[in-house]
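Notes for the one structure printed next.
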Amino acid sequence: QVQLVESGGGLVQAGGSLRLSCTASGRSFSFSTYAMAWFRQAPGKEREFVAGIDWLGLSTYYADFVKGRFTISRDNAKNTVYLQMNSLKPEDTAVYYCAAGTRVVRTVNRADYWGQGTQVTVSS
């Protein structure tokens, strides 16, 4: 009964910023034992990896197209992972999904749990 709930999406102009949050809950869910990640999916496209973070937040991983613009972080005390998105581009428009896994998550098949997603739209 693990739930991941994203928030913080919206409509922004190119060059703007958004901060996404994903809060986990569940009777048997121990947040600190899960690696976390963000994926995104645009209409007609496959779901793609955006950023990942290990159990303690000591290591982070980014897709090439967001390096230098996005930052992933986590607060285990709040069961929350964040994605700070700066210098947004129209091609960043997608539904952004939070994911959790017992191993480092960098691909779709490594995720054990998914949120429902939050829409990010970047206008030019």
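Descriptive notes on the structure:
- Spatially, segment 1-44 and segment 83-119 are offset by 6 Å when compared through their Cα centroids.
- Of the residues 48, 6, ranked by 1.4 Å probe accessible area with the largest first, the sequence reads 48, 6.
- By DSSP, the beta bridges lying fully in the chain are antiparallel in about 90 percent of cases.
- Residue-level accessible surface for residue 74, protein heavy atoms, 1.4 Å, Å²: 40 Å²
- In this view, the solvent-accessible surface of residue 34, computed with a 1.4 Å probe and all protein chains in place, comes to about 30 Å².
- Net charge of neighbours whose Cβ lies under 15 Å from the Cβ of residue 43, counting Lys and Arg as +1 and Asp and Glu as -1: -1
- Neighbours of residue 111 by Cβ distance under 11 Å: Lys/Arg scored +1, Asp/Glu scored -1, total +3.
- Surrounding net charge for residue 94, when Lys and Arg each add one and Asp and Glu each subtract one, Cβ distance under 13 Å: -1
- Note on residue 112: accessible area is roughly 80 Å² with a 1.4 Å probe, heavy atoms of protein only.
The values are calculated or read from the model by the stated rules, or taken from the named source; none is laboratory data. All figures in this text were calculated on a predicted structure; none of them were measured in a lab. When we count neighbours, we look across all protein chains shown, and the Cβ atoms used for this are built from the backbone with ideal geometry, even at glycine. To get the accessible areas, we keep the full protein, side chains included, count just its heavy atoms, and leave off ligands, DNA and RNA. Shrake-Rupley method; radii C 1.70, N 1.55, O 1.52, S 1.80 Å.
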